[in-house]
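The block underneath contains the structure these notes are about, expressed in structure tokens.
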Amino acid sequence: MHSIEELAGQHFDAIIVGGGINGAGLARDLALRAHMAQHPMRVLLLEKRFWGAGTSGRNSHLIHGGLRYLKYFDFALVREALRERATLLQLAPHTVRPLRFRLSTNGVFDNLFYGVGIILYDLLAGSHRIGKSTYFGPNQAYWDAASDSAALVIDNVRDARFYGATCITGRAVKRLWGDGIELDNGVRVNGAAVIDARGPWNRGETTRLVRGSHLILPRLFPGEDAVAHFHHDGRIIFFIPWGDLNPVTLIGTTDVDHSGSADQVQISRGEIDYLRGIAKQLFPASADMETLGCFSSLRPLLAAPGKSASATSREHHIAFREDQVLEIIGGKYTTYRSMAEEAADLVCGRIAPNLVPSHPTRSTPFAVPTERPGGIPERIAWAKQEEGCETLEDFLTCSTNWAWQKRWTAEELESIAREFSGGVDAFLERYAPCD
């Protein structure tokens, strides 16, 4: 089954709406459990655009424990994230890699304060520590991991398909209820369990949308280490060596409440000035550099009245609503696998109780790891076939991240644009560099 039209009148055991990391991770978990137990289970994963089109493809591209959450005493969250970091490094080494962070702090007190934080961070990691940290002195450093976030979504989608799930892009879901969905073209599909993994597009009273924005500048420093700057306002700003088209620096991220549509997310002037100001403070030469690009995404966090956007917990909530749809809210990208496992336990508890004790994603490597081809024609074909990309914007902003690695001209884009819908002029107008 490969088309929306074929879904009409079909019945699935589990219907997952939302093709970000949570939806893709859950599809893989359910399909893998059923495969290993030789238990028949029909799993459907639907995405209205292309895989990883939302938050999952536009984050900081890190797999990390969240060092800064220690000051909010979120020890359980950090411990879980560090465990998941180790799991992903082991199971997805093609997409997740270790990354060393050098610290930038202000004065002796900060050096001591964050040095103690790194010690605690390593203690919480336990046997899952990656490399040797430097706790105090002018060369403070710790280890976390980086990823191609969109590629990890594709890993999960391709594995879900490999184990029998039906995964389809390009059609929005209009309505969800406990035993089925209605697509925006009127097609209805029945399901024993329906899961809402739409993230920011599932906007209820318990959800707080927080915007995280990034800037891209030319490479600011030599070497492959990243820089973690602990700003006086409590934020941690990363400077990450980035780019496969050109060597650039990814700078972010902000934490700003977002009151608009989940389909209209862009950096504000205040966020630009904030990130450029910190970059100038640490790397004075950056003041004369042109911004190559910027991107933003939304974090659908659990609402916490009275807390700032930065202090709002990254804990998650997974439960059946009154309409019997299973809802996934909050969490961190890093902990997607354990969140998918928790959601799969709840789904199986209803439709396949014998599969609840099975947790194969803890130890099963990806069967079809993502290895994108190098040549542009082959890369375009891959983006269309594997990622569901249809437009020039899809290809440049998520499949490749090339939109932000240089200042494009219309002439440079012509040959690529011929392979996709969506015009060059419209792309250049929407993704003009943020000056």
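The values are calculated or read from the model by the stated rules, or taken from the named source; none is laboratory data. Keep in mind that what you see is a predicted model, and the values were worked out from it rather than measured. Cβ placement follows ideal geometry from the backbone for every residue including glycine, while neighbour counts extend to all protein chains displayed.
Answer yes or no as to whether ASN106 is surrounded by fewer than 17 Cβ atoms within 10 Å (Cβ to Cβ) and either in the same structural domain as SER338 (by TED's automatic domain parsing) or touching a residue at least 60 places away in the same chain (Cβ under 8 Å) (or both).
Details: surrounded by fewer than 17 Cβ atoms within 10 Å (Cβ to Cβ): yes; either in the same structural domain as SER338 (by TED's automatic domain parsing) or touching a residue at least 60 places away in the same chain (Cβ under 8 Å) (or both): yes.
When the stated conditions are applied, ASN106 passes them.
From GLY234, GLY223, GLY204, which residue is assigned to a loop (DSSP other than H, G, I, E, B) and closer than 29 Å to GLY178 by Cβ?
GLY204
Could you say which residue among ALA287, ALA228, ALA309 is modelled with pLDDT of 95 or more and under 22 Å from HIS64 (Cα atoms)?
ALA228
Against the conditions (1) touching a strand residue (DSSP E or B) at 6+ places or on another chain (Cβ under 7 Å); (2) surrounded by fewer than 20 Cβ atoms within 10 Å (Cβ to Cβ); (3) not acidic (Asp, Glu), where does PHE75 fall short? Just the number, please.
The single condition PHE75 does not satisfy is (1).
In region 101-126, what residues are among the charged types (D, E, K, R) and more than 26 Å from the chain's Cα centre (by Cα)?
First pass over region 101-126, keeping only residues among the charged types (D, E, K, R): 102, 110, 122.
Passing the criteria: only ASP110.
Name the residue that is surrounded by the fewest Cβ atoms within 10 Å (Cβ to Cβ), counting only residues in region 384-435 that are closer than 14 Å to GLY293 by Cβ and of a type in the set (Gly, Ala, Ser).
ALA432
Please determine whether any residue of region 326-335 is assigned to a loop (DSSP other than H, G, I, E, B) and without any contact (Cβ under 8 Å) to a residue 24 or more places away in the chain.
No.
Looking only at region 109-131, count every residue that is surrounded by fewer than 15 Cβ atoms within 10 Å (Cβ to Cβ), small (Gly, Ala, Ser) and within 22 Å of ASP225 (Cα to Cα) and tell me the total. Let's see the steps before the verdict.
Going residue by residue through region 109-131, those that are surrounded by fewer than 15 Cβ atoms within 10 Å (Cβ to Cβ) are 109, 112-113, 116, 119-120, 123, 126-127, 131.
Okay, now just the ones that are also small (Gly, Ala, Ser), so 126-127, 131.
Now drop any that are not within 22 Å of ASP225 (Cα to Cα), which leaves 131.
Residues flagged as surrounded by fewer than 15 Cβ atoms within 10 Å (Cβ to Cβ), small (Gly, Ala, Ser) and within 22 Å of ASP225 (Cα to Cα) within region 109-131 amount to 1.
Could you say whether any residue in region 87-94 is assigned to a loop (DSSP other than H, G, I, E, B) and either crowded, with 18+ Cβ neighbours inside 10 Å or assigned by TED's automatic domain parsing to the domain that holds HIS231 (or both)?
Yes, region 87-94 contains at least one residue that is assigned to a loop (DSSP other than H, G, I, E, B) and either crowded, with 18+ Cβ neighbours inside 10 Å or assigned by TED's automatic domain parsing to the domain that holds HIS231 (or both).
Just checking, does region 61-70 include any residue being outside the structural domain of ARG158 (by TED's automatic domain parsing), part of a loop (DSSP other than H, G, I, E, B) and among the small types (Gly, Ala, Ser)?
Yes - at least one qualifying residue is present in region 61-70.
Output yes when any residue across region 26-42 is in the same structural domain as LYS174 (by TED's automatic domain parsing), crowded, with 24+ Cβ neighbours inside 10 Å and within 21 Å of ASN185 (Cβ to Cβ), and no when none is.
No: region 26-42 contains no residue that is in the same structural domain as LYS174 (by TED's automatic domain parsing), crowded, with 24+ Cβ neighbours inside 10 Å and within 21 Å of ASN185 (Cβ to Cβ).
If I ask for residues that are within 23 Å of TYR69 (Cβ to Cβ) and outside any strand (DSSP E or B), which ones from region 252-284 would you list?
THR253, THR254, ASP255, HIS258, GLU271, TYR274, LEU275, ILE278, LEU282
Farther than 11 Å from GLY164 by Cβ and touching a Phe, Trp or Tyr at 6+ places or on another chain (Cβ under 6 Å): is that true of GLY19 in this structure?
yes
Of GLN405, GLN385, which residue is in contact (Cβ under 8 Å) with a residue 40 or more places away in the chain and either more than 14 Å from ALA151 (Cα to Cα) or not β-branched (Val, Ile, Thr) (or both)?
On the way: GLN385 fails: in contact (Cβ under 8 Å) with a residue 40 or more places away in the chain.
Only one candidate qualifies: GLN405.
Within region 1-42, work out how many residues are of a type in the set (A, V, I, L, M, F, W, C), modelled with pLDDT under 95 and not in a loop (DSSP other than H, G, I, E, B).
First, the residues of region 1-42 that are of a type in the set (A, V, I, L, M, F, W, C): 1, 4, 7-8, 12, 14-17, 21, 24, 26-27, 30-32, 34, 36-37, 41.
From what's left, modelled with pLDDT under 95: 1, 4, 7-8.
Narrowing further to those that are not in a loop (DSSP other than H, G, I, E, B): 7.
Number satisfying all stated conditions: 1.
Just one of the numbered conditions (1) touching a helix residue (DSSP H, G or I) at 6+ places or on another chain (Cβ under 6 Å); (2) assigned to a loop (DSSP other than H, G, I, E, B); (3) surrounded by fewer than 24 Cβ atoms within 10 Å (Cβ to Cβ); (4) not hydroxyl-bearing (Ser, Thr, Tyr) is not true of TRP51; which one?
Looking at each condition in turn, TRP51 falls short on (3).
Could you check region 117-148 and list, in sequence order, the residues that are part of a strand (DSSP E or B) and touching a residue at least 24 places away in the same chain (Cβ under 8 Å)?
If the condition is that a residue be part of a strand (DSSP E or B) and touching a residue at least 24 places away in the same chain (Cβ under 8 Å), then ALA141, TYR142, TRP143, ASP144, ALA145, ALA146, SER147 are the ones that fit.
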